[in-house]
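S.K.: Sharing a structure with you now.
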């Protein structure tokens, strides 16, 4: 976890089943547990976005597209300013329904 730039983590007890409640859910920023003992993954994601905004952090380059989709399409925050790549995905997924395609393009 020390090498993680930012993210949400879930710790399960050893031998726990997937449907069992996790031992801990939290938020990591630059390898440090910024928030711990959160109620659920959705709350952890929302708090991660709040920390990114409050601390004026940039998205990690390798996760930029993922965070942009979450922010602009799913959460509809600043959604009118989509990059050309995200706009393409938005049109395909939201306007034409589910479509299966392969891509190797990067942001």
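S.K.: Could you put 35, 28, 77 in order, starting from the residue whose Cβ has the fewest other Cβ atoms within 10 Å?
M.R.: Values: 35 17, 28 21, 77 11.
So the ranking, lowest neighbour count to highest, is 77, 35, 28.
S.K.: Modelled label-to-label distance, residue 83 and residue 3, 7 Å Cα→beta-carbon offset: nm?
M.R.: 2.4
S.K.: Now a separate question. Going by how many other beta carbons lie within 10 Å of each one, how would you line up 68, 30, fewest first? Numbers along the way, then the final one.
M.R.: Numbers: 68 18, 30 11.
In order of increasing Cβ crowding within 10 Å: 30, 68.
S.K.: Order the peptides 37-45, 51-59 from the highest to the lowest mean number of other Cβ atoms within 10 Å of their residues.
M.R.: Values: 37-45: 13.9, 51-59: 12.0.
So the peptides 37-45, 51-59, ranked by packing, come out 37-45, 51-59.
S.K.: Exposure proxy check: 85, 13 ranked by fewest other beta carbons within 10 Å? Working shown, then result.
M.R.: Working: 85 14, 13 11.
Starting with the residue having the fewest Cβ neighbours, the order is 13, 85.
S.K.: A further question follows. Using 0.36 nm per residue, how much length does the chain from residue 36 to residue 19 gain when fully extended, once their Cα-Cα distance is taken away?
M.R.: Numbers: separation 17, 0.36 × 17 = 6.12 nm, distance 2.01 nm.
Between residue 36 and residue 19, full extension yields 4.1 nm more.
S.K.: Note down the nm distance, to one decimal, between modelled labels 7 Å out along Cα→Cβ at residue 74 and at residue 47.
M.R.: According to this spin-label approximation, the distance is 1.8 nm.
The numbers here are math on the coordinates, done by the rules we state, and not lab data. Since this is a predicted model, take the numbers as computed values, not measurements. Heads up, the Cβs are rebuilt from the backbone with ideal geometry, glycines too, and the neighbour counts pull from every protein chain shown.
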